[in-house]
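Input: a single structure, listed below in structure tokens.
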2 protein chains.
Amino acid sequence: MKVEVICIGDELLIGQTVNTNASWIGSEFAKQGVKVAFCTVIKDTVSDIVNALDLALSRVDTVVITGGLGPTKDDITKHTLTKYFNTELEINQEVLERVTTYFKKRGRSMLDVNMQQAAMPKSCKVLRNDHGTASGMWFDYEGKVVISLPGVPHEMKHILIESGFPLLKEKFGSKALYHRTLQFQGIGESYIADRIADIEESLVEAGLKFAYLPSAGLVRFRISGADSQRDIDIISSFVDELYERFPENVFGEGNDSLAEVIGRLLTEKEMTLGSVESCTGGTVASEIVHVQGSSSYFLGSIVSYANEVKTNFVGVNEYDIIQQGAVSETVVKQMAQNGREKLGVDYCISTSGIAGPGGGSEEKPVGLVWVGVAGPEGVSARKFLFGDFRERNIRMTVLSALNLLRCKLLEINTEKK
Amino acid sequence: MKVEVICIGDELLIGQTVNTNASWIGSEFAKQGVKVAFCTVIKDTVSDIVNALDLALSRVDTVVITGGLGPTKDDITKHTLTKYFNTELEINQEVLERVTTYFKKRGRSMLDVNMQQAAMPKSCKVLRNDHGTASGMWFDYEGKVVISLPGVPHEMKHILIESGFPLLKEKFGSKALYHRTLQFQGIGESYIADRIADIEESLVEAGLKFAYLPSAGLVRFRISGADSQRDIDIISSFVDELYERFPENVFGEGNDSLAEVIGRLLTEKEMTLGSVESCTGGTVASEIVHVQGSSSYFLGSIVSYANEVKTNFVGVNEYDIIQQGAVSETVVKQMAQNGREKLGVDYCISTSGIAGPGGGSEEKPVGLVWVGVAGPEGVSARKFLFGDFRERNIRMTVLSALNLLRCKLLEINTEKK
């Protein structure tokens, strides 16, 4: 099965709406081992729809269209498809009843345009929409399939899950793919590639595919192959090898976040967490608290942005701040240790750095960051040198601090070799 | 100018990454009065890239490509474009210096693959990337333009803003548009529309266009017209009217964030700020600290997620927590007042709520939130009832709290009418 997604709507092209429909459809197909091959976004015009359909039917066998099924004049997808497939509209009694009920239930009067939502192309299979008035459509065409769906995300998803995917499985069967995605922190894609160069080539020769998906401080590394025992075995032992080679860096799989991974580890160990933050200004705590159920292990934080707060509240030695500077190993260690005691937690993360753009010096440039972790077994700290951009420096610091805690919880040695 | 955006990357097609690049590019062109006509998402293969380029160059005159410029083997855009435009790669000295400096600054060794980032197609204009190692490229081709950019959002945006758009303006001129965007907090788009219905129609008749761009807790409202004195005058007096009608809600223009607006107000008044946060868990502080220069007015925060931290650290009355609950007017007011004293700040924001999904009850459901602000003139608090989604509830709470502070700083009455 080869799939193209066509999304119709000006709002997508001018950026008023982010195209989350396309990514959702792509990930649903991927789960079933089908890679969407193309996604095309076009305006609400007859000629663009017809041209996009011509092209799609020339290169794939399944076309999924979203958008343009509303009751207003600018929604032209249904009429265009009716002409394209050389059929005509007629009132579908089942749809009419559903639409009528829909309005009755909401105590709203039904306008003529709403009634028109029950007019369906004769030759299509109607895909039932329980959440709105725009039905989906399934057209069989020279062995290929065109599915048309409303653009409202929850209606589109509902129709595809309830009717679209089951019908596609019936028609094409399902060719399964197998893939795993590993999450790396604290190492760039080129360094990963360099450190697996000795095994990468033979895996490529075996037909596996790799993709590096980098974002600030993180790289997601995806390995894919066929859903065959051979490929599954190769991928599994490769993944094991990656865990072994990069214990400091590989923190999870799939959509794991570092904060979730840490949450699971703390829950397992029945340990609690807090933070004392300077340059990250609460972002470490915020990241932790965004995880559901974090209240069972996260107790609180002190954001000691100003030096007075570091001394008065956290009890950092004033003399050390004057002597070593707030961005120093001594201070970041005191922040973690004192925070651990004051907040009454098992583990405490600390951060202190120069996020920029101001505040840098030759000795301590923008991007210089110290992170610390105090725990039952003592305190450790690590120095980083990030870049020039405030937001990115904060993000990198948060991820590095969370990863340092993860390594500590798993007793992974993070000393530089 | 007719524009097509081509996004290259499996991660977009299989839904691992949402295509925010396409929507950002679309909205930037829209601001300049140009509607993107097509957006095509394709895989990282030579034939798909070549076919997409052929098609794009047959129907538009400006093609913007994102993705596939990284240093690893799966990044093939540069090589494909080099062949497509019948040119060859050569080391560009300026780029080489930039890439070398990039690695030196970070104290990282440079690999051969990184060096290859300096090999550029001879016939292209190199678009400087100050944020990464993948340069942008500009190809002139039979009166048309192809721009190739990295897929990493902040690098792509930087290159397009600094080099791409200025060069496009030079080449194609620009049809002048005038627009202003107002930022609203705490009111939905349909309520804004309802409260301006009496003037909206005459403005539409005068040829002005409106766009509502909603996100959680915020609505950006864009008004556009021609760059003529007539339209500028109409829009200006309409904007004045909006400021007058929605003093509680309109907090800024353009890309203003609430945290920036508050930063400017505090700087003007030479006042300092702190926060005591429960349900937002540091996100208020994080939002404030992301603004450059915030260290001049933001001193620190206490994240009192657990009740022990609220009592031991912030000095909230334990009896009140037991009697009224942590999510109550009494507690949120004590958090703000005590935080103000303890942190030694002029203003202190406080938050307490049930973010969900757990922790709700009939009396205090998920989504119930209290926010407070204490200042020199006393303390005030406000209750909100948001929805079912944790992340959204946190976001709405942060924005509502910041806006309550803004209203307090500007002496705007926020009592419910």
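The figures follow:
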quantity: For the range A:105-162, fraction of C-alpha pairs farther apart than 20 Å, in %; calculated: 32 percent
quantity: Degrees between helix B:20-31 axis and first principal axis of chain B (Cα, 0 to 90, nearest 10); calculated: 90 degrees
quantity: Top positive-direction residue, dipole computed over the protein assembly as shown with Cβ charges, set B:60, B:117, B:214; calculated: B:60
quantity: Net charge dipole size for chain B [Lys, Arg +1 and Asp, Glu -1 on Cβ; Debye, nearest 20]; calculated: 600 debye
quantity: In sequence order, calculated HN-Hα J values of the range B:299-313 (Karplus, 6.51, -1.76, 1.60; Hz; x Gly/Pro); calculated: 9, x, 8, 10, 9, 9, 6, 8, 4, 4, 5, 4, 7, 5, 9
quantity: Convex hull volume of the range A:1-155 per residue (C-alpha atoms, cubic angstrom); calculated: 115 Å³
quantity: Percent of beta bridges antiparallel (DSSP, the range B:3-172, rounded to nearest 5); calculated: 40 percent
quantity: Shape box of chain B [Cα atoms, principal axes, largest first, Å]; calculated: 78, 59, 43
quantity: Label point 7 Å beyond Cα along the C-beta direction, distances from residue B:104 to other copies (nm, shortest first); calculated: 7.9
quantity: Exam field: residue A:237 pseudo-label spacings to other copies (7 Å along Cα-Cβ), nanometres; calculated: 8.0
quantity: Beta bridge orientation in the protein assembly as shown: antiparallel %, DSSP, nearest 5; calculated: 65 percent
quantity: Placed amide H near residue B:129: partners under 5 Å, 5+ positions off or other chain; calculated: B:136
quantity: Efficiency of FRET between residue B:110 and residue B:243 - r from beta-carbon atoms, R0 45 angstrom, step 0.05; calculated: 0.25
quantity: Peptide B:264-276 - average C-beta neighbours from other chains (10 Å radius); calculated: 1
quantity: On Cα atoms only, tilt of A:93-105 relative to the major axis of chain A in degrees; calculated: 50 degrees
quantity: Distant-in-sequence amide H partners of residue A:366 (H built 1.01 Å from N, under 5 Å); calculated: A:360, A:361
quantity: Dipole magnitude of the protein assembly as shown, debye to nearest 20 (Cβ charges: Lys/Arg +1, Asp/Glu -1, about Cα centre); calculated: 260 debye
quantity: 10 Å Cβ neighbours from other chains, averaged over peptide B:291-299; calculated: 4
quantity: Phi-based couplings in Hz for the range A:251-264 (Karplus 6.51, -1.76, 1.60; Gly and Pro marked x); calculated: 10, x, 10, x, 9, 3, 10, 4, 5, 5, 4, 4, x, 5
quantity: Hull-based mean projected area of the range A:10-80, where the convex hull spans the alpha carbons, in square nanometres; calculated: 5.2 nm²
quantity: Intensity falloff of the protein assembly as shown expressed as log10 I(q)/I(0), Debye formula with alpha-carbon point scatterers, at q = 0.06, 0.09, 0.10 Å⁻¹; calculated: -0.43, -1.03, -1.28
quantity: Diffusion coefficient, µm² s⁻¹, Stokes-Einstein with Kirkwood Rh over alpha-carbon pairs of the range A:177-253 at 37 °C and 0.692 mPa s; calculated: 263 µm²/s
quantity: Among A:241, A:362, A:170, residue whose mean-square fluctuation peaks in a GNM of chain A (springs only between Cα atoms under 10 Å); calculated: A:362
quantity: Calculated [θ] (222 nm, deg cm²/dmol) that DSSP helices of n ≥ 4 give over the protein assembly as shown, each run adding -39,500 (n - 2.57); calculated: -12000 deg cm²/dmol
quantity: DSSP bridge orientation in chain B - percent antiparallel, rounded to nearest 5; calculated: 65 percent
quantity: Listed residues B:101, B:148, B:30: farthest to the positive end of the dipole of chain B (Cβ charges); calculated: B:101
quantity: Exam field: residue B:73 pseudo-label spacings to other copies (7 Å along Cα-Cβ), nanometres; calculated: 5.7
quantity: Isotropic mean projected area of the C-alpha convex hull, the range A:258-409 (nm²); calculated: 7.9 nm²
quantity: Most positive-pole-ward Cα, B:234, A:50, B:389, against dipole of the protein assembly as shown from beta carbon charges; calculated: A:50
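All of the numbers you see were taken from the coordinates with simple rules; none came from a lab. This one's a predicted model, so the numbers in the text were calculated from it and none came from an experiment. Counting neighbours? That spans all protein chains shown, and the Cβs are built from the backbone with ideal geometry, glycine included.
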